[in-house]
Each structure stands twice: as C-alpha cells, then as structure tokens.
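Input: a single structure, listed below in structure tokens.
The values are calculated or read from the model by the stated rules, or taken from the named source; none is laboratory data. Note that the structure is predicted; figures quoted are calculated from it, not measured. No Cβ is skipped: glycine too gets one built from the backbone with ideal geometry, and neighbour counts run over all protein chains shown. In case anyone asks, the SASA skips ligands and DNA or RNA and just uses the protein heavy atoms, side chains included. Shrake-Rupley method; radii C 1.70, N 1.55, O 1.52, S 1.80 Å.
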Amino acid sequence: MSDEFRRTMEELAEEYNRQAAQLRETYGRLNELNVTARSDDGMVSVTVGPRGQVRDLTLDPRVYRKLSPSELARAIMEQIGAATGEVADQTKELMAPFLPEGLPYEEVFGEGASFESFLPQPVALPPMEPEGRG
C-alpha cells in the first residue's frame, strides 16, 4: 500500500470517525430530551421524554373545582399532544444534519424505526506493512 493511499485512507477513516462521534453525541442529546407543556391557565402541566412517554403530570389543586372530569381529561391530552409535538420537532432538528438532502425524516425514522441500528461503529485501519513485503 503506497504512502499516499495510506494517508488518503487515514483521512477518510478520521472523517468517518469524526462524523460517527458527532452522531453519537446527538443521540445522547436525543435521549436527554424532556419537554414540558402547560395549559394557558397553568392548571395542567405535562412533561414528556424523548419518545413521547409521559414523565410527569402536575395538576393545580384548583383544577378540580374549575374543570369537569371530561374537560380535565381533554386539557391533559392537549398538553401531552403539545409536549410530544415539541419533542418530535426538536428530534427532527437535531437529526437534520445527518440526513441526505431531500430525504424526509419520517422515511428514515418513522414508526417502529430503531435509531440505534443506524449508529456507525468506529473504523480502525490495520497496521501498515513495510514496503517490499507482501
């Protein structure tokens, strides 16, 4: 293997590893996403995690006097929807730099897709053999 070819391969491996590290960092940020949505009157607050799972639900004690059970249920569902939508928007924003231009996020990471399966592994080049052997 020529020195020039070796340098080219090392540069490509370095760039690949840099991008893989960026992707892993972004994945870490995705796993830390938490969004809280509050109703306009402040009576209902919902926090959802990176996959839209409800992590916290806070109700002002006065909500029981102000809202009927069906109104309370609707208020909770509205805040879950708002928080989940914001998590989805933030996820798309974080992932946008890694998607090919023109490829919609939903086609790559739609329902049932596993982000972990897309994570690249680092590249290690074999040691260089001395010239004249081989």
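Pick from Pro120, Pro97: which is modelled with pLDDT of 80 or more, surrounded by 10 or more Cβ atoms within 10 Å (Cβ to Cβ) and within 26 Å of Glu11 (Cβ to Cβ)? Just one listed residue meets the conditions, Pro97.
Any residue at all in region 40-57 that's in contact (Cβ under 8 Å) with a residue 40 or more places away in the chain and touching a Phe, Trp or Tyr at 6+ places or on another chain (Cβ under 8 Å)?
Here is the first cut: in region 40-57, the residues in contact (Cβ under 8 Å) with a residue 40 or more places away in the chain are 50.
Narrowing the set further to residues that are touching a Phe, Trp or Tyr at 6+ places or on another chain (Cβ under 8 Å) leaves none.
No, every residue in region 40-57 fails to be in contact (Cβ under 8 Å) with a residue 40 or more places away in the chain and touching a Phe, Trp or Tyr at 6+ places or on another chain (Cβ under 8 Å).
Quick check, is Glu86 surrounded by 14 or more Cβ atoms within 10 Å (Cβ to Cβ) and in contact (Cβ under 8 Å) with a residue 24 or more places away in the chain? When the stated conditions are applied, Glu86 passes them. Selection of region 41-70 for residues being closer than 16 Å to Gly85 by Cβ, open to solvent by 70 Å² or more (accessible area, probe 1.4 Å) and in a loop (DSSP other than H, G, I, E, B) yields only Arg51. When the residues of region 1-14 are filtered to those that are farther than 21 Å from Pro97 by Cα and touching a residue at least 60 places away in the same chain (Cβ under 8 Å), the one that is most open to solvent (accessible area, probe 1.4 Å) is Met1.
Only residues that are open to solvent by less than 40 Å² (accessible area, probe 1.4 Å) and not in a helix (DSSP H, G or I) were counted in region 15-34, giving 1.
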